[in-house]
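Okay, so here's the structure we're looking at.
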Amino acid sequence: MPPDHRHPLSPTPSPEGERGLEVLVGEPWADYGLVDSGHGRKLERYGRYRFIRPEPQAMWAPASADWDADGEFIPGSDEEGGGRWSFERPVPRDGWELGWEDVRFRAQATPFRHLAFFPDMAPQWAWMRARLGEGTEALNLFGYTGVGTLAMSAAGARLTHVDASKKSVEAGKENARLAGMADRPIRWMVDDAVKFTAREVRRGKRYDGIILDPPKFGRGPTGEVWRLEEGLPGLIADCRRLLDAESRFLVLTVYAVRMSALAIGELLRQALADLPGRVECGDMAVREEARGLLLPTAIFARWSRN
């Protein structure tokens with residue numbers, strides 16, 4: 001088991017300067033690690049279990065030809081993705097407990113090929129919670145199962161967690177109970193993120209921090225259709241209206257989309273141009289334990305006051 005890296009690496013600046021791309025690296029920790037990768041797959045450990053999942057960006061050869069895993073996600077043949085899990089050894093279908101720093105939560109082999117949370121977000125969680133504290137308030141849009149929400153709440157902030165999936169919000173509440181944080185000031189909202197944000201603007205609400213992780217395509221609880229390229233500029237504009245000169249950050253992450261980090265970086269720069277601070281953008285990546293190479297996972301852009 002590798003050491004517990006409490007402080008993921010800071011972004012690595014590009015020599016191009018302020019408007020260059022940066023790399024935000026997720027290091028292994030006690031309950032998660034990217035063990036090996038290559039030939040379009042990756043081997044990861046989630047607590048006491050190991051899993052193989054498809055990874056198109058792992059175009060290189062793996063460090064080892066012999067991977068021992070408890071389960072593997074077999075992708076479907078249709079263009080929509082799909083697929084199924086194949087298990088070599090018993091894995092709890094209702095999940096098992098993991099931890100990141102002071103947050104406990106449940107991992108689970110979901111039908112969507114992931115494990116009910118996104119471990120590459122750990123550097124973002126650490127970065128955000130360092131900018132929050134008692135008396136601050138943050139908004140998590142498309143919050144999924146709430147690990148990021150709990151990470152910020154543990155820093156003393158009040159949280160509003162929004163997701164269109166009732167199942168995901170209930171999983172977030174269960175994670176809060178598991179973490180001993182059920183009594184923390186968290187609003188758990190089953191709602192369309194775009195509509196909720198627009199209502200908060202009309203209410204004159206403000207936040208110290210906002211994180212959003214929008215999908216490429218999605219539907220709200222009453223059938224609202226979301227397409228990233230069409231909806232993101234308007235959503236970012238509304239998020240700007242929820243921030244002021246005393247706010248701390250806005251973090252945007254984007255997965256599985258043919259979009260450049262430079263594009264979303266410029267979107268944030270223009271939308272938040274009247275606020276003090278800086279915008280950085282680039283790749284998110286996870287460090288492989290076998291060789292230390294970096295596997296890219298997503299793109300991000302974020303604004304911070306300092």
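The values are calculated or read from the model by the stated rules, or taken from the named source; none is laboratory data. All values reported here derive from a predicted model rather than from experimental measurement. FYI the Cβ positions are ideal-geometry reconstructions off the backbone, even for glycines, and counts take in every protein chain you see.
Being acidic (Asp, Glu), surrounded by fewer than 20 Cβ atoms within 10 Å (Cβ to Cβ) and without any contact (Cβ under 8 Å) to a residue 60 or more places away in the chain is a description that applies to GLU246. Being under 24 Å from TRP226 (Cβ atoms) and either touching a residue at least 12 places away in the same chain (Cβ under 8 Å) or surrounded by 16 or more Cβ atoms within 10 Å (Cβ to Cβ) (or both) is the requirement here; does ALA116 meet it? When the stated conditions are applied, ALA116 passes them. Residue selection: PRO90 fails the criterion of being in contact (Cβ under 8 Å) with a residue 40 or more places away in the chain and surrounded by fewer than 17 Cβ atoms within 10 Å (Cβ to Cβ). Could you please find all residues in the stretch 84-102 being within 24 Å of the chain's Cα centre (by Cα) and charged (D, E, K, R)? Passing the criteria: ARG84, ARG93, ASP94, GLU97, GLU101, ASP102.
Checked against the criterion of being surrounded by 16 or more Cβ atoms within 10 Å (Cβ to Cβ) and modelled with pLDDT of 95 or more, the candidates ILE186, ILE264 yield just one match: ILE186. Name the residues in the stretch 112-143 that are within 19 Å of TRP96 (Cβ to Cβ) and touching a strand residue (DSSP E or B) at 6+ places or on another chain (Cβ under 6 Å), would you? Answer for the stretch 112-143, where residues must be within 19 Å of TRP96 (Cβ to Cβ) and touching a strand residue (DSSP E or B) at 6+ places or on another chain (Cβ under 6 Å): ARG113, LEU115, ALA116, PRO119, ALA122. Report yes if some residue within the stretch 214-225 is touching a residue at least 24 places away in the same chain (Cβ under 8 Å) and aliphatic (A, V, I, L, M); otherwise report no. Taking every residue of the stretch 214-225 in turn, none turns out to be touching a residue at least 24 places away in the same chain (Cβ under 8 Å) and aliphatic (A, V, I, L, M).
Please verify whether the stretch 103-125 includes one or more residues that are outside any helix (DSSP H, G or I) and farther than 30 Å from ILE74 by Cα. The answer is yes; a qualifying residue exists. Restricting the first member to the stretch 254-282 and to residues that are of a type in the set (S, T, N, Q), and the second to residues that are buried (at least 16 other Cβ atoms within 10 Å of the Cβ), the beta-carbon pairs closer than 8 Å and six or more apart or on different chains are SER260/ILE299.
One residue is enough: does the stretch 98-106 have a residue meeting the conditions touching a Phe, Trp or Tyr at 6+ places or on another chain (Cβ under 9 Å), modelled with pLDDT of 95 or more and over 26 Å from PRO215 (Cβ atoms)? Yes; the residues of the stretch 98-106 include at least one that is touching a Phe, Trp or Tyr at 6+ places or on another chain (Cβ under 9 Å), modelled with pLDDT of 95 or more and over 26 Å from PRO215 (Cβ atoms).
Restricting attention to the stretch 145-178, the residues that are in a loop (DSSP other than H, G, I, E, B) and crowded, with 22+ Cβ neighbours inside 10 Å total 4.
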